[in-house]
Structures are given as C-alpha cells and as structure tokens.
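First the structure, in the form of structure tokens, and then the observations on it.
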Amino acid sequence: MALVKVLAANLFAGANFQKLEVGSVYDVDDAVADKWIASGKAEKSTEKKGEKLVFEVATPSAPAKGDNKQLQSKLDEALARIDELATASQETEAAHATAIAELTARAEEAEAALAAANKKDK
C-alpha cells in the first residue's frame, strides 16, 4: 500500500465513485498509486497515515440456467403461429377486397339504373 496526496479535482475512487478531495492523503494499492502519480493526479506522500481506500470488484451474475431446447421449441411454436395468423390475415384481406369490389359494382349498376329511370320519367 502507498500513501498518495490527491492533486486533481476530478478524481473518483471505489465502487461507489467517492470523490476524493484535493490535498487529502489516501492509502491506496501500489498499482493504483503508480497510475495516479504517472498521470499527475496524485503525488507520493510522506505523511504517517491516510484514509484507506478499498476498491471493490463486483462479480458478474451467474449465467441463466435452464432448458434452452424447451425455450427454443416454444419460440418455434410461436413463430409458426405468427406465420399462420399472417396467412389467415392475408386471405381475409383478399376476401374483403373481393367483397368490396362486388359491392362497388352493384352500387354502380344501381346508380346507372336510377339515372335511367330518372331519364324515362322526364
């Protein structure tokens, strides 16, 4: 461990990113002290005691355990169902388009018949 005096105003340390005060002396690991001194953020101190900084390292979470084959089969089933629904939707849309075309033709015939009937009455 090495004692260092902080020179930089924007130096943070620790797992909670504690802001270090300029002019304060801290007891840090040798590797960290060398890095800070080399970058000009701190200088080696000759004081007897400083606040000890502990650097914590978070461990990664455990990988998800489970039956990937079961999840994959559920995903495949869902994708197949989506394809079925998309096909059904396209068929329904085509049927609606045909019905609309038939109704439009009937409406045009009715308008033509009405126009012819109105002509005869005059």
**Asked** Of everything in the stretch 25-59 that's modelled with pLDDT of 80 or more and assigned to a loop (DSSP other than H, G, I, E, B), which residue is surrounded by the most Cβ atoms within 10 Å (Cβ to Cβ)?
**Response** 41
**Request:** Mind telling me which of the residues 62, 117, 110 ends up being modelled with pLDDT of 85 or more, of a type in the set (A, V, I, L, M, F, W, C) and either exposed (fewer than 10 other Cβ atoms within 10 Å of the Cβ) or in a loop (DSSP other than H, G, I, E, B) (or both)?
**Result:** 117
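The values are calculated or read from the model by the stated rules, or taken from the named source; none is laboratory data. It should be emphasised that the depicted structure is a prediction, and the values quoted were computed from it without experimental measurement. Counting neighbours? That spans all protein chains shown, and the Cβs are built from the backbone with ideal geometry, glycine included.
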